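One structure below.
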Amino acid sequence: MTEYITPLPGVLAFALEAAVNRVLQLDMESPARVKKLEGRLLQLNLEGLGITLFFTFRHGVVRVRLEAEGTPDTVISGTPVALFSMAEPEEADWDLPDSKVQINGDASLARDLERIFSKLEPDWEGPLAGMFGDVAGQQLAQGLRQGAETARETARSARKVVSDIIKDRRS
């Protein structure tokens, strides 16, 4: 068991678990997809932070912990930047020095997780309409979708700029 001197890893695990499960709950198909991963164990090593997280899957829910029993089926290691780049693999520049992600063990678990998240179609309007009314809920949901797309475009642009700068410095 890894001993951490700050509560940050535990807070990260708790927040990540809550966020992942909340988004998965907004998509009607996700719990069934997650159930197919039941009994599997994923270890995620956040390089540069010295944090290791363990993901388990049970009853259509993802659990994120700082320790786990058993041997992981899959171990994914990488810097947070490299791991976030995996969210848009067609946009990622794997030639950057800090962009290495290593997957050991059963790569099908990593592939299955990527498929779950790539097929997400969260229903933002339902919960927002329940809180703010139909018209405001629909407008807020549209704003969230547009904001998420803008954030993705900004991240792509930032990655490209950083990649270009690093490539120019190598030349």
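Based on the alpha-carbon gyration tensor of the range 20-87 and its eigenvalue square roots a ≥ b ≥ c, which shape applies: rounded if a/c is under 1.5, prolate if not and a/b is larger than b/c, or oblate? In terms of gyration-tensor shape, oblate. Once the C-beta distance of T2 and E69 is scaled by a Förster radius of 22 Å, the resulting FRET efficiency is 0.95 to the nearest 0.05.
Once you put a point 7 Å from the Cα of E153 and another 7 Å from the Cα of F84, both along the Cβ direction, what distance in nm separates them? Label-label distance for E153 and F84, simple model: 1.9 nm. Heavy-atom accessible surface of D168, to the nearest 10 Å², is about 110 Å², with a 1.4 Å probe and all protein chains retained.
The values are calculated or read from the model by the stated rules, or taken from the named source; none is laboratory data. Nothing here was measured: the structure is a model prediction, and the numbers come from that model. With ideal geometry, Cβ positions are generated from the backbone for all residues, glycine too; neighbour counts draw on all protein chains shown. Quick note on the areas: whole protein, heavy atoms, side chains included, nothing else; ligands and nucleic acids left out. Shrake-Rupley method; radii C 1.70, N 1.55, O 1.52, S 1.80 Å.
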